[in-house]
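Note sheet for the following structure.
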Protein chains: 2
Amino acid sequence: MTCIHDDPEVFATTALAGFASVYARNVRPVTGGVLRSTATPEGKVAVVVGGGSGHYPAFAGFVGPGLADAAVAGDVFASPSAHSVAHVTRLAHRGGGILLGFGKYAGDVMNFGLAAERLQSEGIDVRILPVTDDVASGPADKPELRRGVAGDLVVFKIVGAAAEAGLNLDEVERVGIKANARTVTFGVAFTGCTLPGAKQPLFTVPTQRMGIGLGIHGEPGISEDNVLPAKELAALLVNKLLSERPANCSGRVAVVLNGLGCTKYEELFVLWVGIEAVLKQAGLTLVQPEVGEFVTSLDMAGCSLTITWLDEELEKFWCAPADTPVMRRGAIIPTEPAAPISEASQEITSFPAATAASQANGKCIAGLIAEIADVMRTAENDLGRIDALAGDGDHGMGMTRGSAAAAEAARKAVAAGAGAASVLAVAGDAWADRAGGTSGALWGLALRTWSTALSDQREVTPQDVAKGAQASLDAVKRLGRAKIGDKTLVDSFEPFVVTLSEQIAKGVALNAAWNEAARVSTAAAEQTAQLTPKLGRARSHTTRSLGHPDAGAVSLAMCARTVGAILDRP
Amino acid sequence: MTCIHDDPEVFATTALAGFASVYARNVRPVTGGVLRSTATPEGKVAVVVGGGSGHYPAFAGFVGPGLADAAVAGDVFASPSAHSVAHVTRLAHRGGGILLGFGKYAGDVMNFGLAAERLQSEGIDVRILPVTDDVASGPADKPELRRGVAGDLVVFKIVGAAAEAGLNLDEVERVGIKANARTVTFGVAFTGCTLPGAKQPLFTVPTQRMGIGLGIHGEPGISEDNVLPAKELAALLVNKLLSERPANCSGRVAVVLNGLGCTKYEELFVLWVGIEAVLKQAGLTLVQPEVGEFVTSLDMAGCSLTITWLDEELEKFWCAPADTPVMRRGAIIPTEPAAPISEASQEITSFPAATAASQANGKCIAGLIAEIADVMRTAENDLGRIDALAGDGDHGMGMTRGSAAAAEAARKAVAAGAGAASVLAVAGDAWADRAGGTSGALWGLALRTWSTALSDQREVTPQDVAKGAQASLDAVKRLGRAKIGDKTLVDSFEPFVVTLSEQIAKGVALNAAWNEAARVSTAAAEQTAQLTPKLGRARSHTTRSLGHPDAGAVSLAMCARTVGAILDRP
């Protein structure tokens, strides 16, 4: 959805005005586009690029030293008029002739073509360079039928650098034609996009499906499939492009992984790990790859992969410095590589010697934590839902990760012969380390503190358990700065500890005492539905969580019940 | 929707690995985060920032000369563990002490706090700097209750520059506390976000509504309202922040307009135009503003505005060079400002002298175009829908814009006394210029070419009309390189011209001839539903448009019928 706009009629021109204002260091606005705001030498070939709007940073974001001299911007998804192209180009001309770069679409071919004719008739030497990198839009033996997509970035970067290096128009054109011929792109889309002011998306992709080869204006692709896991998607994209590997290829490639708008950077980085692996497996050397948003489609979700088969000349221009709003190459601050570092392995593999009795207790503790991990995995979504009402919804995920890591660490410690105190301590550390977040810090501290009341030498007594529980509660209250009534896990933890201590002091057996404490804790957790989170402590200070219990209090009671049920087993 | 992932458990760590690989020039990966890959001097204060993942470029994208020395990354939306923070921080330490920067959330306060305690106990001097810029999360008089959002960028940029300048830890901390105290942020969200692997979004915002003050993990905001036009949204955001303008304020401000993920750059630039206007109206001077994505929330749609009230010291550090993956300040290539240019006004205001008869014809032509513009406006959505089946869906928009501009230009020409040929010519130019795209180029050329058969001196004859139509068709076929059967507007234009010419040659009256031609043209437009678009010419080479007529052929026939109906009027 395009949510921010005034009159959709002026969306593209207003966006361009805002862009030019923010990037005044690089560009200045003229009717229909932007020019560099910095001086260029007389006689330099001017590289003018352009096309429809809605593809930012294409094309205005590519204007600056080392890349384009000017960009022409049409309305959203519409080619600029020949009049606009001619106007902006005239202003950019420095006497060295013009290279007009654009993606190959019917409207752009017409308007840039008409503009070129008009400028030629005025005595300006103009060449057009339609980019045709999209392999989904035409067969390999008819590249002239193909559309231009994210390959624009590589082709324009290379011709921009060639022009900056002082090559004449014939040479810049030759380099551009070569760069385009050696550039291929293949993409997928997960959702459609919505034109500013439109109530409905321009097109849709069914949920959990992806359009393969779908164009940047929603032009139909070559097929549709289920959304693939990242590694398989990486292989799909790379293999399609490798099938067009030219014969005279050095094995050095420029690579661009481009997001279409709503596919986020972190997703692109995840995909990149797979893409890099497949490309390297194919024996290719990646030269200054780029991962980001370069040719977008409003709010479309999807991505494309571009490869340019470099030769020495193309590599030189691909790597040359550039200083534009979005595409930047080269250092601002001189640097030297840092000295190597070595990270010591962080896994603890040896433990203090333990008695057989304590080892047996340790094994029992590891078993309890393993069952807690099972319960948390089952409850993950429910806990996440409760948490999302007041916070960030990560509670279920954090508890699942933390308890699973704790169970694994405890299992390994038992296998290494650790006693009860050591097993509980490493479990706590693993929980904190893997879960992170609030619950990770609190649970990690709780278990580690609890372990200080145990020993690797003697058998665990009910009094040890009660003492550990009290120490644990105190530590949690200190770290979380929470007290009863703040709508946190303290609300179910404190009643649990109080009841457990009372029962054990009375001489009640551990299993019965624990289960009574778990019962009281569960009731208290449910009561948190009546509470308002304390301003600032919780992530919210609204009343949205009113009527819902606190996820941390609920999960703690759940763990207490799980342990109680096991202690009751014969 | 987060569409690209493998096992959601390893989403954050895989994303970080991919990021570190792409940006090896800036960073190197370590367990739990990234360090600069470039050397820093012994004794420099190390700035270590971090928090949950899912907010890229926060925080890893801020590592590099002039900004952070390292970043610690937790799981998605979860604070990193104290263990991770301590580990990364130890590796970043250069003997000058550590400033730990993070947004103020319960989990981060705990884990960074625990890590700081641990490092202090190891003899490393550590200060923590929790950022508290989000005005929606606490009252102005209790900033310590506030969360940290996009203000992170400004505060970290400033402390990073202070550390780079060689200030000692006490001084870097002082500058950081001041920067945080003078930084405020206010935001809105239009949609929720989806955790990797989750089937449902973490939360939702009703369509056409926005959550005001909603947090970057979906924490509830302070209210909900209908989505506002861009200008009103700009005023809402700015005015809230201006209400906290400190007394000792120079009027110079750092400003960051931040997108949350799915709100695209062009929307941010549109909003920026409004924001800049309101800020300037308030007498403020904007210092190196930033518009882009700096602290995101996976695929959430929304934005936030950050203002930092600068003093001389803060401004110096805000503007200092920085060279990180995302935040870059300073020039790569030395430049000088370009010479000023002046754009000549492009509106034609005087026309060749015309006879009264030709002026009357011109007025009639202007009237016809005005009615065409009305019809196109009404048909805009239908034409867009037909076009979206095979192309980019911009046909309705292009026809509406073009015909409206043509009608306006024709009206002005009539008012200036232009004759028939001039009226039609300027209408064609205006159509092409405003509509852009394929249809703009073709219609502009069609009308301008048609005008060459008319005159500003003598009255228009039916033969002139027929001759103009033929010239117009020839020009359109040449520019579009299309012939009958290619599924373009030629499919309805050519039968129109052929019939019109035949009828007029037979002596049929213009209105009857035109209407017969329009009838034939309409039938031919409908017949285009049977055609497959020619490979490469149309933007698609699939069969998705099979069974649907061509939008260009349909709109041409529609215009022909409109004119026919008017000619039939008494």
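A compact table of results
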| read-out | value |
| --- | --- |
| For residue A:204, solvent-accessible area (1.4 Å; no DNA, RNA or ligand), Å² | 100 |
| Descending Cα extents along the principal axes, the protein assembly as shown, whole Å | 118, 66, 55 |
| Sites residue A:378 and residue A:243 - FRET efficiency at Förster radius 41 Å, r taken between beta-carbons, to 0.05 | 0.35 |
| Beta bridges by DSSP in the protein assembly as shown, antiparallel share as percent, to the nearest 5 | 55 |
| Average other protein chain Cβ within 10 Å of Cβ, residues B:16-28 | 5 |
| Highest to lowest packing among A:315-322, B:353-360, B:252-259, scored as the average C-beta count within 10 Å | B:252-259, A:315-322, B:353-360 |
| Among A:186, A:138, A:548 the positive-end extreme of the charge dipole of chain A (Cβ point charges) | A:548 |
| Heavy-atom accessible area per residue - chain B, 1.4 Å, Å² | 35 |
| Straight-distance crosslink candidates among lysines, where the alpha carbon sits under 26 Å from residue A:178 and sequence neighbours closer than 8 are dropped | A:44, A:104, A:142, A:157, A:240, A:280, A:316 |
| Among beta bridges that DSSP assigns inside chain A, antiparallel share in %, nearest 5 | 55 |
| Estimated vicinal HN-Hα couplings, Hz - the stretch B:47-52 in sequence order (Karplus 6.51, -1.76, 1.60; Gly, Pro = x) | 9, 10, 10, x, x, x |
| Percent of C-alpha pairs per 10 Å bin, the stretch B:118-175, short to long | 22, 38, 32, 8 |
| Using a Förster distance of 60 Å, the FRET efficiency for residue A:31-residue A:209 (Cβ separation, nearest 0.05) | 0.90 |
| Tensor-based shape of the stretch B:1-122 (alpha-carbon gyration tensor, a/c under 1.5 rounded, otherwise prolate or oblate) | oblate |
| The stretch A:310-332 and the stretch B:464-490: distance between their alpha carbon centers, rounded to Å | 44 |
| Residue-span extension gain [residue B:498 to residue B:532] - 0.36 nm each, minus C-alpha spacing | 9.9 nm |
| Average other protein chain Cβ within 10 Å of Cβ, residues B:137-144 | 2 |
| Between the stretch A:151-174 and the stretch A:1-51, the alpha-carbon center distance in angstrom | 21 |
| Highest average packing first - A:158-171, B:550-563, Cβ atoms within 10 Å | B:550-563, A:158-171 |
| Innermost chain B residue relative to the axis carrying B onto A, by Cβ distance in angstrom | B:262, 2 |
| The stretch B:8-328: antiparallel DSSP beta bridges as a percent of all, rounded to 5 | 55 |
| Other-copy label distances relative to residue B:523, 7 angstrom Cα-Cβ extension, nm | 8.8 |
| Signed unit charges on C-beta, dipole axis of the stretch A:356-568, positive-most listed residue A:364, A:389, A:427 | A:389 |
| Three-way shape call for the stretch A:318-394 based on the alpha-carbon gyration tensor, with the a/c threshold at 1.5 | oblate |
| Cα→Cβ-extended label distance, 7 Å offset, between residue A:13 and residue B:371, nm | 2.9 |
| Shortest-first distances to equivalent copies, position residue A:347, nm, label 7 Å out along Cβ | 7.6 |
| Share of carbon and sulfur in the accessible heavy-atom surface of the stretch B:8-328 [1.4 Å probe, %] | 53 |
| Heavy atoms of residue A:93 accessible to a 1.4 Å probe, total area in Å² rounded to 10 | 50 |
| Percentage relative contact order, chain B, counting C-alpha pairs under 8 Å, at least six apart | 10 |
| Dipole of the stretch B:179-312 [Lys/Arg +1, Asp/Glu -1 at C-beta], most positive-end residue of B:258, B:310, B:298 | B:310 |
| Translational diffusion of chain A, µm² s⁻¹ [Kirkwood Rh, Cα pairs; Stokes-Einstein; 4 °C; 1.567 mPa s] | 47 |
| Across the identical copies, how the residue A:331 labels are spaced - nm, sorted shortest first, 7 Å along Cα→Cβ | 2.0 |
| In degrees, nearest ten, helix B:230-242 long axis to first principal axis of chain B (Cα) | 20 |
| Student exercise, chain A dipole from Lys, Arg, Asp, Glu Cβ charges, in Debye to nearest 20 | 920 |
| Cα centroid separation - the stretch B:197-224 against the stretch B:62-111, whole Å | 27 |
| Global geometry of the stretch B:8-328, whether rounded, prolate or oblate, following the gyration tensor of its Cα atoms and the 1.5 cut on a/c | oblate |
| Rounded to whole Hz, the Karplus (6.51, -1.76, 1.60) HN-Hα couplings of the stretch A:213-219, x for glycine and proline | x, 4, x, 6, 10, x, 4 |
| Net dipole in debye of the stretch B:1-156 [+1 Lys, Arg Cβ; -1 Asp, Glu Cβ; about Cα centre; nearest 20] | 420 |
| Helix B:106-121 vs. chain B, principal-axis angle (Cα, 0 to 90°, nearest 10) | 40 |
| Rounded tilt (10° steps) of A:395-415 against the dominant C-alpha axis of chain A | 60 |
| For the stretch A:174-230, alpha-carbon Rg relative to the globular expectation (2.2 N^0.38 Å, N residues) | 1.45 |
| Cα-centred dipole magnitude for the stretch A:8-325, charges only on beta-carbon of K, R (+1) and D, E (-1), debye, nearest 20 | 160 |
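The values are calculated or read from the model by the stated rules, or taken from the named source; none is laboratory data. Since this is a predicted model, take the numbers as computed values, not measurements. Virtual Cβ from ideal backbone geometry, glycine too; neighbours counted across all protein chains shown. The accessibility values were calculated without ligands, DNA or RNA, using every heavy atom of the protein model including side chains. Shrake-Rupley method; radii C 1.70, N 1.55, O 1.52, S 1.80 Å.
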